[in-house]
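The values are calculated or read from the model by the stated rules, or taken from the named source; none is laboratory data. Note that the structure is predicted; figures quoted are calculated from it, not measured. Here Cβ is always computed from backbone atoms with ideal geometry, including for glycine, and neighbour counts include all displayed protein chains. Calculation scope for accessible area: heavy atoms of the full protein, side chains included, ligands and nucleic acids excluded. Shrake-Rupley method; radii C 1.70, N 1.55, O 1.52, S 1.80 Å.
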Amino acid sequence: MQALLLAGGLGTRLRPLTEHFPKPMAPVVNRPWLEHLLKHLRSQGLSDFVIAVKHNADIIRNHFGDGRRLGVTIAYSQEPELLGTAGAIKHAEPLLSADRFIVVNADIIHHVDLMPLLEFHRSSGAMLTIGLTEVEDPSQYGVVQQTPSGRILRFVEKPPRHEAPSNRINAGIYVMEKETLSWIPAGRAVSIERETFPLLIRKGLPVYGCAVRGYWLDMGTHDRYLALHRDALDGKIGLQLPYPMKAEGVWIGEDTHISSHAKLIPPVVIGRGTRVERGAVLGPYAVLGEGVTVQADSRCAHAVVLPGTRLEGNRVFRHAVVAPDFMVTTRLPGDLIRQGVMQP
């Protein structure tokens, strides 16, 4: 079975992080999220991929090539303009050779078991099955109303919490029969939730929803991006970390120099080629990219530091995403940290 990965979005809520690379290429514990996703899908038996690209597409192409390095095959569908979810799927149609395929929104964090979703699709006779996830507060999402058999009756967009027909929302994973594509117009932007789903439901076509099991997170904000790293280091999402564990909760890459007078508070990840100077305190929940320099007496916790960044000495970096040319801090309970973008 083929899988179509949608990786063309702008990721505007994660700016300035996504000004440097596409949102699916954002590093998650020092490895692009899209690489984590491909490895996970390969572990479930998928090896034939089409990646829909637009924003900074060359970064994705140059990193993955034809996929041989990961033991998969990859073709690319280049969007001429942003086409929306359904429009991107339609544009990739010439590359979709199977009668049934999976679509995954690659800038949402999915680490789920696909087999129950596929089995449900087969047994229900659906033309389209939408993977659903349950959220505590559905008021910020499009919420589904279903029959007991799982058939979707309607989507309710951002209902008040007490009026929501369920707490199930679109998880950004779809199993599609290829005939679904005939209902999507070509050559223009098409929203799958505002146009395609309502059209199929209105025509009485079999559109079903099935809850997926596993980890799911929309990492579209800086605080969720940091929360993803906390979850990864806590083992809540089973990612393969890129470095060996040198001590309990401490992962360190090769060619690092860590002063014997520095302190590491687990969990902490230190990328290859990083230098940590005397008196520095790292952790908990500090993820340092490759080639980072941590100067003397600086402190870093609950933070993600991108490759090549220099953390100046005698400063505190907390609840932040830090890059060579920017730092974004997030306000969390109990912390008095200025929000926004500032020069380090």
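Tally the residues that are of a type outside the set (S, T, N, Q), surrounded by fewer than 16 Cβ atoms within 10 Å (Cβ to Cβ) and either in contact with a Ser or Thr (Cβ under 8 Å, 6 or more places away or on another chain) or within 26 Å of residue 200 (Cα to Cα) (or both), restricting the search to the range 68-79.
1
Filter the range 22-54 down to residues that are under 13 Å from the mean Cα position of the chain (by Cα) and in a loop (DSSP other than H, G, I, E, B) and give me whichever is farthest from residue 10 (Cα to Cα). Working first, answer last.
So the first thing to find is which residues in the range 22-54 are under 13 Å from the mean Cα position of the chain (by Cα), and the list is 22-29, 31-38, 40.
So of that shortlist, the ones also in a loop (DSSP other than H, G, I, E, B) come out as 22, 26, 28-29, 31.
Values: 22: 7, 26: 12, 28: 18, 29: 21, 31: 19 Å.
Checking each candidate, the answer is 29.
Which of the residues spanning the range 148-207 are surrounded by fewer than 17 Cβ atoms within 10 Å (Cβ to Cβ), basic (Lys, Arg) and over 23 Å from residue 2 (Cβ atoms)?
151, 154, 158, 161, 188, 194, 202, 203
Can you spot a residue in the range 276-287 that is part of a loop (DSSP other than H, G, I, E, B), open to solvent by 30 Å² or more (accessible area, probe 1.4 Å) and within 18 Å of residue 324 (Cβ to Cβ)?
yes
What number of residues within the range 12-67 satisfy the criterion of being open to solvent by less than 10 Å² (accessible area, probe 1.4 Å) and on the phi > 0 side of the Ramachandran plot?
Qualifying residue count, the range 12-67: 2.
Any idea how many residues of the range 231-252 are part of a loop (DSSP other than H, G, I, E, B) and either touching a residue at least 60 places away in the same chain (Cβ under 8 Å) or polar (S, T, N, Q) (or both)?
Let us first name the residues in the range 231-252 that are part of a loop (DSSP other than H, G, I, E, B), namely 234-244, 248-249.
This time we only want the ones that are either touching a residue at least 60 places away in the same chain (Cβ under 8 Å) or polar (S, T, N, Q) (or both), so: 237-243.
Selection size over the range 231-252: 7.
Only one of (1) under 23 Å from the mean Cα position of the chain (by Cα); (2) open to solvent by 20 Å² or more (accessible area, probe 1.4 Å) fails for residue 228. Which number is that?
(2)
Being open to solvent by less than 10 Å² (accessible area, probe 1.4 Å) and either closer than 14 Å to residue 282 by Cα or in contact (Cβ under 8 Å) with a residue 60 or more places away in the chain (or both) is the filter here; which residues of the range 293-318 pass it?
Passing the criteria: 294, 298, 300, 301, 303, 304, 305, 311, 317.
For the range 153-211, enumerate the residues that are among the β-branched types (Val, Ile, Thr) and part of a loop (DSSP other than H, G, I, E, B).
Result: 184, 190.
Give 149, 139 a once-over and let me know the one that is assigned to a helix (DSSP H, G or I) and either out of contact with any Cys (no Cβ under 7 Å at 6 or more places or on another chain) or not polar (S, T, N, Q) (or both). Don't jump to the end; show me each part of the working.
Working: 149 fails: assigned to a helix (DSSP H, G or I).
Within the list 149, 139, the selection yields 139.
For the condition in contact with a helix residue (DSSP H, G or I) (Cβ under 7 Å, 6 or more places away or on another chain), within 14 Å of residue 192 (Cβ to Cβ), modelled with pLDDT of 90 or more and of a type in the set (Gly, Ala, Ser), what is the one hit in 86, 75, 106, 92?
Working: 75 fails: within 14 Å of residue 192 (Cβ to Cβ); 106 fails: within 14 Å of residue 192 (Cβ to Cβ); 92 fails: in contact with a helix residue (DSSP H, G or I) (Cβ under 7 Å, 6 or more places away or on another chain).
Every option except 86 fails the conditions.
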